[in-house]
Amino acid sequence: LTWALILAAARQIPQQMSALKAGKWQFGVGNTLRGKTLGIYGYGRIGSVVAGYGKAFGMKVLVWARESSLNRARGDGYAVAPSKEAFFSECDVISLHMRLVEATRGIVTGDDLGRMKPTALLVNTSRAALIAPGALIAALTVGRPGMAAVDVYEEEPLVDVRHPLFALDNVVCTPHLGYVTRDEYEVQF
């Protein structure tokens, strides 16, 4: 799902679909991924797979994680950011891949988001609480990062049609579909 969200946001697929349904043809232009920097925050099982897809799309992959994960990323041939600040300021796309535990709750701060490029995309398919409360909406409102794609929310199920993320044109939202596949259901249940 992470890559579906990255592609949907980069190419403005939800907005283009809405425009097409309203009788408008190809408004604006999307972004290419080749040559851009994909940031993987948390380099475990899923983060390493997402990094591999980034490489296949011709992206430079930059990793930020705890030390043992950074060593694994280096061993897999990926660059490691010199600092968390550099990671957030250098990446064109950042994808979060951490478990939510007390040490990771709010690990992505408003200051981190404020370092992102106005053209950057933040993707969260892990857990909403990895981002400090209110920080993502505040950051998107001022344009750093310029876009977000999220599949997780602080309260789920999210059925409030007035949720602030839904009012922003620079966000792609899905209803926690990351693990919701027929195959996964057969394995889990």
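The values are calculated or read from the model by the stated rules, or taken from the named source; none is laboratory data. Predicted model only: the values in this text are computed from it and were never measured. Heavy atoms of the whole protein, side chains included, go into the accessibility calculation; ligands, DNA and RNA do not. Shrake-Rupley method; radii C 1.70, N 1.55, O 1.52, S 1.80 Å.
In degrees between 0 and 90, to the nearest 10, how far off the longest principal axis of the chain does helix 45-56 point, with axes built from Cα atoms?
70
What full-extension length gain, to one decimal in nm, is calculated for Glu184 and Leu1 as 0.36 nm per residue of separation minus the Cα-Cα distance?
Using 0.36 nm per residue and subtracting the Cα-Cα distance, I get 64.6 nm.
Can you give the helix-only mean residue ellipticity at 222 nm for the chain, where every DSSP H stretch with n ≥ 4 adds -39500 (n - 2.57) and the sum goes over all residues, rounded to the nearest 500 deg cm²/dmol?
-9500 deg cm²/dmol
Ignoring ligands and nucleic acids, what accessible area does Val171 show with a 1.4 Å probe (Å², nearest 10)?
20
Quick one: 3J(HN,Hα) in Hz for segment 72-78, Karplus 6.51/-1.76/1.60 with θ = phi - 60°, rounded, Gly and Pro as x.
5, 5, 4, x, 7, x, 9
Quick check: the distance between the Cα centres of segment 131-189 and segment 72-97, to the nearest angstrom?
Value for the Cα centre distance between the two parts: 22 Å.
I want to check a number: in segment 1-116, how many lysine pairs have alpha carbons closer than 30 Å, given a sequence separation of 8 or more or different chains?
Count of close lysine pairs: 6.
Of the listed values (i) 25, 20, 18; (ii) 28, 18, 17; (iii) 46, 26, 15, identify the label whose number matches semi-axes √(5λ) of the Cα gyration tensor in Å calculated from this model.
Recomputing semi-axes √(5λ) of the Cα gyration tensor in Å here gives the entry labelled (i).
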